[in-house]
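Enquirer: Please find one structure pasted underneath; my questions will follow.
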Amino acid sequence: MSTKIVVASKNPVKIKAVISAFKAMFPEMIWETEGISVNSGVSEQPQNDQETLKGAYNRAENASKKIKADYWVGIEGGVEEKDCGMEVFAWVVVKSKHGKFGRGRTGSFFLPSKVAELIKQGKELGEADDIVFGKTNSKQENGAVGILTDNIIDRKELYKNAVILALIPFKNKDLYN
């Protein structure tokens, strides 16, 4: 019997990251994954840590209201202006059918000023990357992190580690209420 995960996105990178993380944390289980589009309830490009976490939470919560599953996963990428530049990161929220939540955040990095300026003008990160780097739909491929690291770290790997971190309470049930 398989265990169902609903990813609150149709982005193939996010879906692959989620299934890879669940398989790594629970290799004995058989997983079924489905991606759906749901509203994040936050701006198209979240502008701080709190708004980004809220978007990931809302995505997991909204997905849980649409499709029956064992787990729902929300992933939300955000940016935050700091003294040293514009930081980029993502939050992951995992909700179980028992109402338990896990949260994990990716590592962060700073954007080149040309990309940051386009975001300040209202562009989403993926769109800004495409403009600056001459790409098409990079957010469904390697993303900013892949472009900037020459794919040493791609978007899937960045998200996978955050999903693993969000799964800690499910892996260690006795330690988390």
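The values are calculated or read from the model by the stated rules, or taken from the named source; none is laboratory data. None of these values were measured; they are calculated from a predicted model. Ideal geometry is used to build each Cβ from the backbone, glycine not excepted, and the neighbour counts take in all protein chains shown.
Enquirer: Looking at this structure, is Lys95 in contact with a Ser or Thr (Cβ under 7 Å, 6 or more places away or on another chain), buried (at least 16 other Cβ atoms within 10 Å of the Cβ) and within 23 Å of Gly41 (Cβ to Cβ)?
Expert: yes
Enquirer: Now a separate question. Yes or no: segment 111-118 includes at least one residue that is under 19 Å from the mean Cα position of the chain (by Cα) and in a strand (DSSP E or B).
Expert: Narrowing segment 111-118 to residues under 19 Å from the mean Cα position of the chain (by Cα): 111.
Add one more test, that the residue is in a strand (DSSP E or B), and what stays is none.
Checked against the condition, which is being under 19 Å from the mean Cα position of the chain (by Cα) and in a strand (DSSP E or B), segment 111-118 yields no hits at all.
Enquirer: Output the number of residues of segment 129-147 satisfying the condition of being closer than 21 Å to Glu80 by Cβ and within 18 Å of the chain's Cα centre (by Cα).
Expert: Going through segment 129-147 one residue at a time, the tally reaches 8.
Enquirer: State all residues of segment 8-30 that are part of a loop (DSSP other than H, G, I, E, B) and surrounded by 14 or more Cβ atoms within 10 Å (Cβ to Cβ); if no residue qualifies, say none.
Expert: If the condition is that a residue be part of a loop (DSSP other than H, G, I, E, B) and surrounded by 14 or more Cβ atoms within 10 Å (Cβ to Cβ), then Ala8, Ser9, Asn11, Phe26 are the ones that fit.
Enquirer: Next question. If I ask for residues that are assigned to a loop (DSSP other than H, G, I, E, B), buried (at least 16 other Cβ atoms within 10 Å of the Cβ) and either in contact with a Lys or Arg (Cβ under 7 Å, 6 or more places away or on another chain) or without any contact (Cβ under 8 Å) to a residue 40 or more places away in the chain (or both), which ones from segment 37-52 would you list?
Expert: Of the residues in segment 37-52, the ones assigned to a loop (DSSP other than H, G, I, E, B) are 37-48.
Those still in the list that are buried (at least 16 other Cβ atoms within 10 Å of the Cβ) too: 38, 40, 42, 45-47.
If the condition is that a residue be assigned to a loop (DSSP other than H, G, I, E, B), buried (at least 16 other Cβ atoms within 10 Å of the Cβ) and either in contact with a Lys or Arg (Cβ under 7 Å, 6 or more places away or on another chain) or without any contact (Cβ under 8 Å) to a residue 40 or more places away in the chain (or both), then Val38, Ser40, Val42, Pro46, Gln47 are the ones that fit.
Enquirer: Among the residues of segment 117-130, write down those that are touching a helix residue (DSSP H, G or I) at 6+ places or on another chain (Cβ under 8 Å), without any contact (Cβ under 8 Å) to a residue 40 or more places away in the chain and of a type outside the set (D, E, K, R).
Expert: Residues satisfying the conditions are Leu118, Gly126, Ala128.
Enquirer: Scan segment 46-85 for residues that are among the aliphatic types (A, V, I, L, M), within 19 Å of Pro12 (Cβ to Cβ) and in contact with an Asp or Glu (Cβ under 8 Å, 6 or more places away or on another chain) and report the count.
Expert: First, pick out the residues of segment 46-85 that are among the aliphatic types (A, V, I, L, M): 53, 56, 60, 63, 67, 69, 73, 75, 79.
Those still in the list that are within 19 Å of Pro12 (Cβ to Cβ) too: 56, 60, 63, 67, 69, 73, 75.
Now drop any that are not in contact with an Asp or Glu (Cβ under 8 Å, 6 or more places away or on another chain), which leaves 56, 67, 69.
Selection size over segment 46-85: 3.
Enquirer: Need pairs with beta-carbon distance below 6 Å; first residue over 20 Å from Lys114 (Cα atoms) and within segment 145-162, second among the hydroxyl-bearing types (Ser, Thr, Tyr) and modelled with pLDDT of 95 or more; sequence gap 6+ or separate chains.
Expert: Leu158/Thr106; Lys160/Ser20; Ala162/Thr106
Enquirer: Another question about this same structure. Only one of (1) in contact with a Ser or Thr (Cβ under 9 Å, 6 or more places away or on another chain); (2) more than 21 Å from Ala21 (Cα to Cα); (3) in a strand (DSSP E or B) fails for Trp72. Which number is that?
Expert: Exception for Trp72: condition (2).
Enquirer: I need the full set of residues from segment 31-50 which are touching a strand residue (DSSP E or B) at 6+ places or on another chain (Cβ under 7 Å) and over 14 Å from Glu124 (Cβ atoms), in order please.
Expert: Correct list: Trp31, Glu32, Thr33, Glu34, Gly35, Ile36, Asn48, Asp49.
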